[in-house]
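These notes are about the structure you will find just below.
The values are calculated or read from the model by the stated rules, or taken from the named source; none is laboratory data. This one's a predicted model, so the numbers in the text were calculated from it and none came from an experiment. All Cβ positions, glycine included, derive from the backbone under ideal geometry; neighbour counts span all protein chains shown.
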Amino acid sequence: MSTPIDGTAVTPLDSGDRGFFGHPWGLSTLFFTEMWERFSYYGMRALLTLYMTKGAMDGGLGFSEAYSSAIYATYVSSVWYLPLVGGWLADKFLGARRAVLIGGIIIACGHYSMAIDSLPTFYAALILIALGTGLLKPNISTMVGQLYQPEDKRRDAGFSIFYMGINLGAFISPFVTGFLAQSDTFKRVITDIGMNPAKSWHWGFAAAGVGMTLGIIQYVLGGRNLKEVGRRPEKHVTATTEGSSSFDIVTIALSLIGAAVGAGFGYRFDAGWVSVPFWTVCGYFIGYLGGTTRLLKGDELKRVLVIFILVVFSVIFWMTYEQAGSSMTLFADRLTRNAVFGWSFPSSWWQSVPAIFVIFLAPVFAFIWQAMGDRQPSSPAKFAFGLMFAGIAFGVITIAASLTGAGRVSPWWLVVVYFIQTMGEMCLSPVGLSTISKLSPVRMVGLMMGVWFLSISIGSYIAGRTTQLFEQGTPQVLTRAFGIFAGITLAAALLLALLTPLIKKMTPPAQA
């Protein structure tokens, strides 16, 4: 029996279990569960913005770009902050295994709700998928770690295999859901059987639900491979709570004040009730952070400050990267020639491009960092490289936007953009998780991981709101907007590069 830092008491599998490519058989169960969950998520996300902004004649909801951006931003941001709640529920009540199962079922129900052509089921679907993802996503990753003894050298490789499952699902799903939702071939099929081809969107959404259902089935059938991993936790004292007060009136007060201020800001200055949940969570979390970190001193304070600095730059990175599902989706649909060598394809298929680049580039970057050894850049330097690539990518899309006045642009512009963005992701995303785990004080690891996920949530929210750029959608408007994003991101990269020596001084040598 071992108790890891998150406090979940588990019995890791025998280190002699090497049935799945040299890894425990349980990894295969979790690999395919996550693959199908990501299949469902990215398959639906590839269609969401398009479905909301298409007119009724095309089977869409006919929302304005501004309203669609608020809905999309609130949805994608919630997918990143609700895992904080899901992880807590698993730790305290459900256990990781049960949380993943319940989460998967809720997600599937959400996708099947999207398959129904009505506005109430549309909103219900978004809520269900976000809630289910909050339960599934953090806890399935926890279970991967529990497959291995603490000293097992296969752990990092196991997570790499698991990460490939994520991107495999993200790569395949837009092809399937996009074909069903947008292709003329499938529309002719459903026309021949007497159905309305404009409603083909809902076939794509249903396919996402089928994918999650397959994931649930194999998760249940493969449960025997997991043995005791992910079972309901025992009552114990954890490293994260030991020696800390269970009731801190100052922290509670700051959290509630932050939530109230956030809710008021969201309602008055953003998009009414739609954005209230996001701003409430942000306000609450900022207040909570202020309360829990106010008494830190010395080395712990320096390390937490370094985390906060990197998190600010993380927000800037994700506000550009996550536009793949918002502004970049509409750019692909409305302003790009979706044809290669005379062969046309649905615009939603562009959502597969980042995933395939991750699959190819992840081992390349892993090899580069390993080959460089002690000569590899520090963590903040890698962050700066990530921002630089993201800024360059938006510089490219800025040029492409300036050319749209003459008609649709070549698809190769988006290929280049996504390739450069993915190089940025390889420099920042894996490094961010590793850096947080290294720098966080032992009793605050969970909280600091929450800070990291919140940065992705905030960045995703900003990215989601960019859909409203297409209300006017002129080359001048898009060129200026994309240029501003490129300028902000490149300036952030330069600033972080200048701050890197200071950040390294604030960081213990072994953790830099």
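Within the range 93-116, is there a residue that is assigned to a helix (DSSP H, G or I), polar (S, T, N, Q) and at pLDDT below 95? No, the range 93-116 contains no residue that is assigned to a helix (DSSP H, G or I), polar (S, T, N, Q) and at pLDDT below 95. Checked against (1) at pLDDT 95 or above; (2) crowded, with 24+ Cβ neighbours inside 10 Å; (3) farther than 25 Å from residue 445 by Cβ, residue 52 passes all but a single condition, namely (2).
Look at (1) more than 20 Å from residue 319 (Cβ to Cβ); (2) out of contact with any Lys or Arg (no Cβ under 7 Å at 6 or more places or on another chain); (3) buried (at least 17 other Cβ atoms within 10 Å of the Cβ) and you find that residue 439 fails only one, number (2).
Can you tell me which residues in the range 481-499 are of a type in the set (Val, Ile, Thr) and closer than 19 Å to residue 425 by Cα? Can you show your working first?
From the range 481-499, those of a type in the set (Val, Ile, Thr) are 484, 488-489; that's our starting set.
If the condition is that a residue be of a type in the set (Val, Ile, Thr) and closer than 19 Å to residue 425 by Cα, then 488, 489 are the ones that fit.
Looking across the range 396-436, the residues that are surrounded by fewer than 19 Cβ atoms within 10 Å (Cβ to Cβ), of a type in the set (Gly, Ala, Ser), over 18 Å from the mean Cα position of the chain (by Cα) and part of a helix (DSSP H, G or I) come down to 402, 405, 406.
Considering every residue within the range 230-239, establish whether at least one is charged (D, E, K, R), at pLDDT below 55 and in contact with a helix residue (DSSP H, G or I) (Cβ under 8 Å, 6 or more places away or on another chain). No, there is no match, as no residue in the range 230-239 is charged (D, E, K, R), at pLDDT below 55 and in contact with a helix residue (DSSP H, G or I) (Cβ under 8 Å, 6 or more places away or on another chain). I'd like to check something: does the range 289-306 contain any residue that is part of a helix (DSSP H, G or I), at pLDDT below 80 and either basic (Lys, Arg) or under 25 Å from the mean Cα position of the chain (by Cα) (or both)? No, there is no match, as no residue in the range 289-306 is part of a helix (DSSP H, G or I), at pLDDT below 80 and either basic (Lys, Arg) or under 25 Å from the mean Cα position of the chain (by Cα) (or both). Reported count of residues in the range 71-89, each being modelled with pLDDT of 85 or more, of a type outside the set (Phe, Trp, Tyr) and over 14 Å from residue 45 (Cα atoms), is 5. Considered as a group, the residues in the range 449-478 that are aliphatic (A, V, I, L, M) and at pLDDT below 90 include one that is farthest from residue 313 (Cα to Cα), and that residue is 469. Looking at the range 78-124, which of its residues are buried (at least 19 other Cβ atoms within 10 Å of the Cβ) and of a type in the set (D, E, K, R)? Matches in the range 78-124: 91, 97.
Just to be sure, is residue 145 buried (at least 22 other Cβ atoms within 10 Å of the Cβ) and either more than 21 Å from the chain's Cα centre (by Cα) or assigned to a helix (DSSP H, G or I) (or both)? Criteria not met by residue 145. Evaluation of residue 202 against the conditions (1) at pLDDT 95 or above; (2) within 30 Å of residue 367 (Cβ to Cβ); (3) of a type outside the set (A, V, I, L, M, F, W, C) shows that the sole unmet condition is (2). Looking only at residues of the range 336-352 that are touching a Pro at 6+ places or on another chain (Cβ under 9 Å) and assigned to a helix (DSSP H, G or I), we find that the one that is surrounded by the most Cβ atoms within 10 Å (Cβ to Cβ) is 348.
With 443, 465 as the choices, which residue is in a helix (DSSP H, G or I), farther than 23 Å from residue 77 by Cα and charged (D, E, K, R)? Exactly one residue qualifies, and that residue is 443. Residues in the range 155-204 that are of a type in the set (D, E, K, R) and surrounded by 20 or more Cβ atoms within 10 Å (Cβ to Cβ): 187 only.
Residue 451: out of contact with any Leu (no Cβ under 6 Å at 6 or more places or on another chain), assigned to a helix (DSSP H, G or I) and either farther than 24 Å from residue 354 by Cα or without any contact (Cβ under 8 Å) to a residue 12 or more places away in the chain (or both), yes or no?
yes
Within the bounds of the range 182-195, is there any residue that is aromatic (Phe, Trp, Tyr), over 28 Å from residue 97 (Cα atoms) and free of Cβ contacts under 8 Å to residues at least 24 places away in the same chain? Lay out the reasoning, then the answer.
Our first condition is that a residue be aromatic (Phe, Trp, Tyr); within the range 182-195, this holds for 186.
Now drop any that are not over 28 Å from residue 97 (Cα atoms), which leaves 186.
From what's left, free of Cβ contacts under 8 Å to residues at least 24 places away in the same chain: 186.
For the range 182-195, residues aromatic (Phe, Trp, Tyr), over 28 Å from residue 97 (Cα atoms) and free of Cβ contacts under 8 Å to residues at least 24 places away in the same chain: present.
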